[in-house]
Amino acid sequence: MKQRYSFVKFDENGQQTHDYKSLADSITTLPTLRSNIVDLVQSVEDSCETNIPDFVDKVRKDQSLVAQILKVARASKYARMIQVDTISDAIQVLGVQKLRDIAITQSFLGNFLKPNPYANGFDWKAFWKHAHTVGVISSIIAKKLGKLDHERFYTGGLLHDLGKMGAFAVDEKSMLGVAEFARKQDISIIEAENNLLTPKHDLLGEAISEIWDLPKYITKVCRYHHTYHREQRAQKERGFLDDEQNEHIDIVILANYLAKKLKQGYSGHSVIEEPVSLILSNLKLPEIFLEEITPPILAELQQGSFLDDMLNVA
């Protein structure tokens, strides 16, 4: 399974590695985030007080997005309280942050589920359930820690495995082989990628996020959700990684661990590799935090979500 790829370069030690920017640029089957979707994300990220009329105007420019939002809002359990005929109605039902998340998710679901080009050998609905669960848990942890911007942590958790989608788009057959190798060897996807010399999804996710001009915290979550020591991140970033970014990464790592422990969805492997004690130490949290946070997580997951509604109406 060790093979050559078209885009390679050499590192400072003269070792051959993948040219992740060129790989990301080469992807044609993975849908890019259209400029209006990036604009929507940024408009919610940049301020706690979103300009609702301006936000609605941005959404209305994308007919497919309007249709998807209305479908999800009408399918929501809250729709019985209000007639949902407009984007303004949908905001009342779901909130601005959820509309932003629908915009991001719909960009991917359109290619991965309608129809699913990778149906043979990989369960994309289970993958999206895992990604969504990591987002939900990240938001719950952030809220527990008193973060006013806890919705941003949902987005980081949702997109942490962006590079896996990119890797499938670069070479579907090879990535299916990576997932099979990880399953048979009982190792993680990142370990399988290292063993087989295929592109690493954390580096590819970073490259895709940069090309799409996503918020910096999403880029860093994609890059470092398998780098558990903050010192190692600092070395790779040459010191340009602040405490807030480290905290965001650690929260997503912890959420990823809990999503796997609770067996929510499927990320491509079943190994639980995250060193929980280290991550809790990074976040200055006691071991009992895991017991305390589990009941509210389960309660939230049992309520269903906008993603469930999207999968049902897709």
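The values are calculated or read from the model by the stated rules, or taken from the named source; none is laboratory data. Just so you know, these numbers come straight off a predicted model, no measurement behind them. Cβ sites come from the backbone with ideal geometry, for glycine too, and all protein chains shown count toward neighbours. Ligands, DNA and RNA are excluded from the accessible area calculation, which covers all protein heavy atoms including side chains. Shrake-Rupley method; radii C 1.70, N 1.55, O 1.52, S 1.80 Å.
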Any chance region 222-244 includes a residue that's among the hydrophobic types (A, V, I, L, M, F, W, C) and under 19 Å from Leu23 (Cα atoms)?
yes
Please note which helices (runs of 4 or more DSSP H) are completely contained in region 190-289 and include at least 2 residues that are under 25 Å from Ala167 (Cα atoms) and not small (Gly, Ala, Ser).
201-211, 216-224, 230-237, 243-261
Filter result (touching a Gly at 6+ places or on another chain (Cβ under 9 Å) and over 13 Å from Ala255 (Cβ atoms)) within region 134-163
Glu151, Leu162, Gly163
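Filter region 165-189 for residues that are among the β-branched types (Val, Ile, Thr) and in a helix (DSSP H, G or I); which is surrounded by the fewest Cβ atoms within 10 Å (Cβ to Cβ)?
Val170
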Quick check on this structure: which one of Glu210, Glu274, Glu300 is closer than 21 Å to His132 by Cβ, at pLDDT below 90 and open to solvent by 70 Å² or more (accessible area, probe 1.4 Å)?
Glu300
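Every residue, every condition in (1) open to solvent by 50 Å² or more (accessible area, probe 1.4 Å); (2) among the hydroxyl-bearing types (Ser, Thr, Tyr); (3) modelled with pLDDT of 90 or more, yes or no:
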| residue | (1), (2), (3) |
| --- | --- |
| Lys216 | yes, no, no |
| Tyr224 | no, yes, yes |
| Ile251 | no, no, yes |
| Pro286 | yes, no, yes |
| Glu292 | yes, no, yes |
Would you check which residues across region 146-164 are of a type in the set (Lys, Arg) and assigned to a helix (DSSP H, G or I) and list them?
Arg152, Lys164
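Quick one: would you say Gly265 is open to solvent by 30 Å² or more (accessible area, probe 1.4 Å), modelled with pLDDT of 85 or more and under 22 Å from Trp124 (Cβ atoms)?
In short, yes.
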When you go through (1) modelled with pLDDT under 85; (2) in a loop (DSSP other than H, G, I, E, B); (3) closer than 19 Å to Lys260 by Cβ one by one for Asn116, which number turns out not to apply?
(3)
With the first residue restricted to region 270-285 and required to be free of Cβ contacts under 8 Å to residues at least 24 places away in the same chain, and the second required to be among the charged types (D, E, K, R) and surrounded by 15 or more Cβ atoms within 10 Å (Cβ to Cβ), Cβ contacts under 6 Å at 6 or more apart or on different chains are Ile272/Lys260
Report, by residue number, each residue of region 140-154 that is in contact with a Ser or Thr (Cβ under 9 Å, 6 or more places away or on another chain) and closer than 20 Å to Ser209 by Cβ.
Glu151, Arg152, Phe153, Tyr154
Could you look through region 39-52, keep only residues that are of a type outside the set (D, E, K, R) and touching a Ser or Thr at 6+ places or on another chain (Cβ under 9 Å), and pick out the one that is modelled with the highest pLDDT?
Ile52
